[in-house]
Amino acid sequence: MELALSKEDRAFAEEMRAFFTSEIPAEIRDRLARGLHPSKADIVASQRILNEHGMAVPHWPLEWGGREWTPLQRHIWSEEMTLAHVPHPLVFNTAMVGPVIATFGSQELKERFLPKTASAEIWWSQGFSEPNAGSDLASLKTSAVRDGDNYIVNGQKTWTTLAQYGDWIFCLVRTDPTVAQQRGISFVLIDMRSPGVTVRPIHLIDGGYEVNEVFFDNVEVPADQLVGEENKGWTYAKFLLGNERTSNAGIGVIKNRIARAKRLGGEVISAEPLLRARLTRLEVETMALEMTVLRVLARESSMPAGTPDPVSSVLKLRGSELQQDAAELLLDILGPAALPFRKERTVPDGFAALDEGAVDAMPTYFNWRKASIYAGSNEVQRQIIAKAILKF
Ligand SMILES: Cc1cc2nc3c(=O)[nH]c(=O)nc-3n(C[C@H](O)[C@H](O)[C@H](O)COP(=O)(O)OP(=O)(O)OC[C@H]3O[C@@H](n4cnc5c(N)ncnc54)[C@H](O)[C@@H]3O)c2cc1C
């Protein structure tokens, strides 16, 4: 199996790099390069530019803005975007609800939602998890009861990322409480400005605000906002979750963190053999993970989109561990200089460029604890690997 990029793929990567670094405004990329979170305006502005150039939704069907790229080209597109510090198109729009509507939605839903979803004119939120339904998602209780032309929705979602910006939310709701858990679930689209929807912030240990609780109190949802068939929502949710096999590895994120660690703490790393050893190990393990991603991509071409593949659990597990290791290494390299509350940010010996934004190292370390929880916790990934790959 060929694991190095071919000449054509290297040229494709070059083309992507040139596009991202020339078309996306430098001030947006600069903020991300300094380790800051992109704002809503950054994400929307960047996605609009990508969409105008056919670069926002390459994995969608052609008629809705997709490209006939290979899985490897899509991977290169995503990695080069990360390495160029371009905010990714909103994952809830492009990787989640968009492909579900394009595959299972009516023509009317496609026309109504897909163009605005690709351009980020609509900001989608994901309403799956509930206070007692996370890893065991099928035990969700938010109900949708048919009443004439509407469903009446009642219940609560939680951990809803960036719902403070949300225009619409795609939700898994229980439409039939009398059948086995997974069979009574439907996939509905809800306007977040509907009466009875309340968004409440969850404040995080890093000082940031990115997740919410969302409450539904007798919310009227037109029945034509059901995607596909009633009680088939679990099938669509599995399709959605199986759609991205390799992106959770986050190779570009890890590489960017390693590059930052070297840039900010070069002299300290040179002087400390233990830090050098950790950095080298991290680089080697990242390279090994990248090889695995390329192997998975090589065989992905022969599988239909949305087919669940347990190998994605290996990539998610290892990728999230390395993303966290990289955040921890930067913290250890910076030492007290990483403390965000230091008033006097004098530059200790050996640190060339603290003003570049080392101030985010501590919040990033805390924030990134999330990587082993979201997208299926790492314990759950281990269960999948044990059952589906190791056949225990
Ligand atoms: C930052 C962040 C953003 C998120 N964004 C969204 C979002 O936008 N929309 C959305 O719907 N959800 C979102 N989530 C929710 C996420 O999907 C859930 O947190 C995740 O599925 C885990 O569920 P839980 O939090 O209820 O934990 P639980 O499922 O209660 O798990 C608690 C602990 O028990 C362990 N555990 C559970 N089951 C098993 C098992 N069978 N074997 C071994 N160990 C087990 C887990 O690994 C974990 O350590 C987000 C979460 C985070 C942290």
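For region 72-84, the criterion of being touching a residue at least 12 places away in the same chain (Cβ under 8 Å), more than 23 Å from Ile251 (Cα to Cα), crowded, with 20+ Cβ neighbours inside 10 Å and not assigned by TED's automatic domain parsing to the domain that holds Tyr209 is satisfied by no residue at all. Among the candidates Arg174, Arg183, Arg200, Arg193, the residue that is of a type in the set (D, E, K, R) and modelled with pLDDT under 95 is uniquely Arg183.
The conditions of being in the same structural domain as Arg299 (by TED's automatic domain parsing), of a type in the set (D, E, K, R) and away from the ligand (no atom under 14 Å from the Cβ) are met by Lys255.
Would you mind finding the one in Leu275, Leu204 that is in contact with an Asp or Glu (Cβ under 9 Å, 6 or more places away or on another chain) and within 16 Å of the ligand (Cβ to nearest atom)? First the steps, then the outcome.
Values: Leu275 fails: within 16 Å of the ligand (Cβ to nearest atom).
Leu204 is the lone residue from the list that is in contact with an Asp or Glu (Cβ under 9 Å, 6 or more places away or on another chain) and within 16 Å of the ligand (Cβ to nearest atom).
Do we have any residue at all in region 31-42 that's buried (at least 21 other Cβ atoms within 10 Å of the Cβ), charged (D, E, K, R) and over 21 Å from Leu241 (Cα atoms)? Scanning region 31-42, I find no residue that is buried (at least 21 other Cβ atoms within 10 Å of the Cβ), charged (D, E, K, R) and over 21 Å from Leu241 (Cα atoms), so the answer is no.
Return a yes/no flag: does region 269-278 have any residue that is part of a helix (DSSP H, G or I), at pLDDT 85 or above, of a type in the set (Gly, Ala, Ser) and farther than 29 Å from Glu379 by Cα. Talk me through it step by step, then tell me what you get.
Of all residues in region 269-278, those part of a helix (DSSP H, G or I) come to 269-271, 273-278.
If we keep only those that are at pLDDT 85 or above too, we end up with 269-271, 273-278.
This time we only want the ones that are of a type in the set (Gly, Ala, Ser), so: 270-271, 277.
When the remaining residues are screened for being farther than 29 Å from Glu379 by Cα, the result is 270-271.
Yes, there is a match, as at least one residue in region 269-278 is part of a helix (DSSP H, G or I), at pLDDT 85 or above, of a type in the set (Gly, Ala, Ser) and farther than 29 Å from Glu379 by Cα.
For the condition over 24 Å from Lys110 (Cα atoms), in contact with a helix residue (DSSP H, G or I) (Cβ under 8 Å, 6 or more places away or on another chain) and among the acidic types (Asp, Glu), Glu300 qualifies. Scanning region 32-62 for residues that are at pLDDT below 95 and touching a Gly at 6+ places or on another chain (Cβ under 9 Å) yields a count of 6. Scanning region 17-36 for residues that are touching a residue at least 60 places away in the same chain (Cβ under 8 Å), of a type outside the set (Gly, Ala, Ser) and part of a loop (DSSP other than H, G, I, E, B) returns Ile24, Arg34, Leu36. Residue pairs whose Cβ atoms lie under 7 Å apart, separated by 6 or more positions or on different chains, with the first residue in region 380-391 and over 23 Å from Ala133 (Cβ atoms) and the second among the aliphatic types (A, V, I, L, M) and more than 11 Å from the ligand (Cβ to nearest atom), do not occur. Scoring Thr94 on the criteria (1) farther than 22 Å from Phe20 by Cβ; (2) within 16 Å of the ligand (Cβ to nearest atom); (3) under 22 Å from the mean Cα position of the chain (by Cα) leaves a single failure, condition (1).
The values are calculated or read from the model by the stated rules, or taken from the named source; none is laboratory data. All values reported here derive from a predicted model rather than from experimental measurement. Positions of Cβ are backbone-derived with ideal geometry, glycine not excepted, and every protein chain shown enters the neighbour counts.
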